[in-house]
1. Suppose every K and R has +1 on its Cβ and every D and E has -1 on its Cβ; what is the size of the dipole of the stretch 39-147 about the Cα centre, in Debye to the nearest 20?
2. Students often forget the sequence filter, so: which lysines lie under 20 Å Cα-Cα from Lys104 once same-chain residues fewer than 8 apart are removed?
3. Listing His120, His55, His69 from the residue with the fewest other Cβ atoms within 10 Å to the one with the most, what is the order?
4. Do any chymotrypsin sites (Phe, Trp or Tyr not before Pro) in the stretch 65-122 lie in a loop, going by DSSP, with at most 12 other beta-carbon atoms within 10 Å of their beta carbon, and if so which?
5. Can you classify the stretch 95-152 as rounded, prolate or oblate using the Cα gyration tensor, where a ≥ b ≥ c are the square roots of its eigenvalues, rounded means a/c under 1.5, and otherwise it's prolate if a/b beats b/c and oblate if not?
6. Counting other C-beta atoms within 10 Å, which of Ser64, Ser94 has the fewest, and how do the rest follow?
7. Excluding Lys81 itself, calculate the net charge of residues whose Cβ lies under 11 Å from the Cβ of Lys81, where each Lys or Arg counts +1 and each Asp or Glu counts -1.
Amino acid sequence: MKKFLFLLTAIVFTLTAHSQSSVQVYDSVLAKDLGADEYGMKSYVFVMITPGPNHLEKGALRDSIFRGHRINIGKLAAAGKLVVAGPFEDNPKSYQGIFILNVKTISEAQSLLETDPAIHAKVLNTELYGWYGSAALGEYLKLQKKITKKQF
């Protein structure tokens, strides 16, 4: 009987803990601020970054263009237009990295991408796709600032 009561208590505790952790707490103000639809999602533009036709050898010009690329990433993020950016490790398709832009249209994304020196110089190319993802995605940048010790 003791084992049964212990087992029953454990099951009830587990079910209670599970039901409390899965309770949805909808915040309509936050959802509106983030541009979320009823599913907590929104439209973005996903950018696949590939090598461009202009290859630059290592040196001052290449360093300058990529310094400008990193600075531009920071500006777009600070403006709330870039929510994810990062390079890929070496891969068979030579993909360089990704951006997820907080814009609704491909044409708006193209305008933002032209501000990037590496893209403008055609050292990098881009492939743009409409993408539907969590509206909370941009919130991670607030946490990123808290864990970033050194800027590029």
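Values in this text are rule-based calculations from the coordinates and carry no lab data. Bear in mind the structure is a predicted one, so any value in this text is a computation, not a measurement. Every residue, glycine among them, receives a Cβ derived from its backbone with ideal geometry; neighbour counts consider all protein chains shown.
1. Here the stretch 39-147 has a charge dipole of around 360 debye.
2. Lys32, Lys42, Lys75, Lys81
3. His55, His120, His69
4. none
5. Oblate.
6. Ser94, Ser64
7. Local charge sum for Lys81: 0.
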